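What follows is a single structure, written as structure tokens, with notes after it.
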Amino acid sequence: MDSSDSDDDSDDDHFMVDQTAASKKRRRLKSISVLEKEDSFSPRTRNKMDELVVEFLHKTRVDTHDNSNSDDDHFINEQTPAAKKRRRLKLLTVLEKEDAFSLRTTNKMDELVVKFLHKTRVDIHDMLCEDDLENGYDYDGLDDSRDTEAEVETALRFFPEVLSRKKMARTDDDGLWFPGYYPIHYLASIQNDVDLLFVICNVKAVSFIPLIARLALELGLFEEEERGGLLLKGNGGSNVLRNLMLSDNRLYTREHHESVDDKYLRMLVQLRKMGLLKKEDIQRYGMLHELCDQFSYFAEKRFRFLVEWDPSALLYSNVAMRGIPLHCTTFSCSLRGFQLVYEYGIRYYPKNKGINLLFKKKEDDEDDEDDEDDKDDYDEDN
């Protein structure tokens, strides 16, 4: 869950390691900018930054042997908002006057500046890649009930590189292997490549996906055709769009599943408005098949959104899923799912195509769009 090791070992950021006077000055100025905007960061990041401010002030005092103020210990350890603000203002004053210190002290301060920037960046990356959703009380990742889009955007504009860094792969206590993916992958769901039935929807963080994709595109962090990371393969070998089709596979209440369906539908609608979800994605990435293949719940609202946008997806035989969406419902979700898929098939293709969905074999991958008997079926261009 802590991705700091991967950053420690692979940090090749020239800006962070360059020892020229110009680079040291740029690092110091960036630290000043970050501290001046501290109130604009999320609560988790602000707490981390305060820890680093305390460490910075303490180690600077130790290095200069400044023990003149007996109140410093209380000043450094007090956790009130006022004390945190005073510490931040003191560090800002120190950084702004760094050139007035001795060479030894300025070198020490540059080490601490590097540490401050690096650990702040690592903590932001860890927050984006948090995957401890099994124990809700341990979850400390993005949470739209606590964090705002403005706060997240502030952090990412200061540290955009975190979006293009993968989380370090790990093995959990049960021996399950969790590969590392990009932050955007953890915002939709948590899955495991060994136990593909392990699925937890990240309802706390999914609402940040449009923001993350937009910023990644704006800042050029991925190739244009990867749409801000949305089309990169991640959890379970699927991209983010496909993972927005998932439902929790645990025994939750119907109210919980409906809440997930509502929230994930809103993300699909938003991505469509942004031009980041396209009609052809539904068949190209097997989105409808994935939705119909969920074991615990049939997401009716997302189903209607997809089918009403592209009814022909009902007829599309996905090779990887070994059939059409109706086949997926027979092995997974409720009878209601099967009924709804067939009902929509009849609605849009009231003649042979819709009726024949019941009799279409899984291995039948023939292109039946030229069937003369269906010439009066649904015309998707109308």
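Quarter the surface of the alpha carbon convex hull of region 235-292 and you get the mean projected area, 4.2 square nanometres.
Taking a straight line from the alpha carbon of Lys108, these lysines sit under 28 Å away, with near neighbours fewer than eight places off in the same chain left out: Lys24, Lys25, Lys30, Lys37, Lys48, Lys59, Lys84, Lys85, Lys90, Lys97, Lys119.
Per-residue accessible area (protein heavy atoms, 1.4 Å probe) orders Phe222, Phe331 as Phe331, Phe222, starting from the largest.
Max-minus-min Cα coordinates of region 210-258 on each principal axis give 41, 22, 10 Å, with the largest extent listed first.
What's the carbon and sulfur percent of region 82-140's accessible surface, probe 1.4 angstrom, rounded to a whole number? The nonpolar share, carbon plus sulfur, comes to 50 percent. Each eigenvalue of the Cα gyration tensor of region 245-339, multiplied by 5 and square-rooted, gives one semi-axis; in descending order these are 20, 18, 10 Å. Its residue count N fixes a reference of 2.2 N^0.38 Å for region 151-282, and the Cα radius of gyration divided by that reference is 1.05.
To put it simply, the accessible area of region 203-248 at a 1.4 Å probe is 45 percent carbon and sulfur.
Please work out the average accessible area per residue across region 261-338, using the 1.4 Å probe convention, and give it in Å².
40 Å²
Accessible area ranking (1.4 Å probe, heavy atoms, ligands and nucleic acids excluded), largest first, for Arg146, Arg86: Arg86, Arg146. Between Ser334 and Thr20, the modelled labels are 6.5 nm apart [label points 7 Å from Cα along Cα→Cβ]. Of the accessible area of region 265-329, computed with a 1.4 Å probe over protein heavy atoms only, carbon and sulfur atoms account for 50 percent. Note on Lys233/Ala100: beta-carbon distance plugged into 1/(1 + (r/R0)^6) with R0 of 51 Å gives a FRET efficiency of 0.45.
Per residue, how much accessible area does region 101-161 have with a 1.4 Å probe, in Å²? Walk me through the numbers on the way to the answer.
On the way: 2470 Å² over 61 residues.
Accessible surface, normalised per residue, equals 41 Å².
Taking a Cβ cut-off of under 13 Å around Arg146, the surrounding Lys, Arg, Asp and Glu residues balance to a net charge of -4, with basic ones at +1 and acidic ones at -1.
The values are calculated or read from the model by the stated rules, or taken from the named source; none is laboratory data. As the structure is a prediction and not an experimental result, all values here were calculated from the model. Heads up, the Cβs are rebuilt from the backbone with ideal geometry, glycines too, and the neighbour counts pull from every protein chain shown. Remember, those area values only see protein heavy atoms, side chains included, never the ligands or the DNA or RNA. Shrake-Rupley method; radii C 1.70, N 1.55, O 1.52, S 1.80 Å.
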